[in-house]
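Below is one structure, written out as structure tokens, with a few remarks after it.
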Amino acid sequence: SSGINAEWPLRPGDYNRFTEQERTEQEPILGEEGDPDLIREMSVADYPGKFGRKRAKQAEIKPKLGRSPAKHTNKDAGIVIEPCEMLGAASIKPFSEICNNPSDGSQAKGGMKTLECPKFRMLQQSCSFQMRKYTEGVWAMTKMDLKKDYKESLEIAQVTLQSYLDGENWVKDGGKGVKIGNTAPLTTISVIEKDMRTVKEAFLSVFLPSSYHKNTPQPKNSSVILKKTEAQVFYVHSFGKFNPSYDEYQWEFAKLASMLKRDSRKAILNMPFIYEYSNESEDNEQRHEVAFQAVAY
């Protein structure tokens, strides 16, 4: 089937799309609430967030799917992976190699091509996720076509935004179009229906360099939208997997939602954000982030 809703529903906590092998390899949660059969029936609001530890008596053997932890025997008892252990699988590309203005206290590495990134202040940090307060900024956005599959829709949106950055714009004081430098990350925003499965709207957006936050070049293409954002707080989970698939992004959203529930954090779960700092041409470390906006900040 085609279309974003069929191809990439972006349902945080959706466990159904994983094959049995993938679930066996990636199962992050076990314990009283961690029966895989139960997880498959849960929505994101109920996604289990209990990270109790269950040690195998004889060996660290992967859990057997379809069997309640209460029925585990010495042969199939598994280990609950704590959040810190679970998230350390792949090395994450540091901000110092991406941003010329890193917000994590590091210094941009000389001799490397770096880009301007949105500035944020770290409010809280754990091994599982970060709570960041981003400063105000100006973004260029375009709506993604939900009737097309995700990859095609993303490519079309990228061309639209890149054309705006490359000069398909006009400045109020000067009239002529200007070339706007690229920034990082490339951000995907989805709005999910109440069923937590159907994508209502999806947008691709880029942060505009701070030098263009005043007298911002206006787009000639009506499908490009300029949006000024006030300071906002987000819960962000970073991972470094090489060229993650749609399902792998979903898995990371599910983990973040689970961690937030575990810590009784309130977030807007029906509006997931992807911050993409890497591209397919990179063959070493990568940086990908999934985020939910915090409530009541």
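Some observations on this one:
- Listed by first and then second residue, the pairs linking a residue in the range 89-117 that is within 17 Å of E289 (Cβ to Cβ) to a residue that is among the basic types (K, R), with Cβ atoms under 6 Å apart and 6 or more places separating them unless they lie on different chains, are A90/K241; I92/R287; K93/R287; S96/K109; E97/K109; S103/K119.
- Residues in the range 186-226 that are loosely packed, with under 13 Cβ neighbours inside 10 Å and of a type in the set (G, A, S): S211, S222.
- Number of the exception - Q293 against (1) in contact with a Pro (Cβ under 7 Å, 6 or more places away or on another chain); (2) in a strand (DSSP E or B): (1)
- Within this structure, T183 fails the test of being under 15 Å from K227 (Cα atoms) and open to solvent by 10 Å² or more (accessible area, probe 1.4 Å).
- Of all residues in the range 258-272, exactly one satisfies the criterion of being open to solvent by 20 Å² or more (accessible area, probe 1.4 Å), touching a residue at least 60 places away in the same chain (Cβ under 8 Å) and closer than 25 Å to C99 by Cβ, namely M271.
The values are calculated or read from the model by the stated rules, or taken from the named source; none is laboratory data. Just so it is clear, the model here is predicted, and its values are computed rather than measured. No Cβ is skipped: glycine too gets one built from the backbone with ideal geometry, and neighbour counts run over all protein chains shown. What goes into the accessible areas is simple: the full protein's heavy atoms, side chains included, and nothing from ligands, DNA or RNA. Shrake-Rupley method; radii C 1.70, N 1.55, O 1.52, S 1.80 Å.
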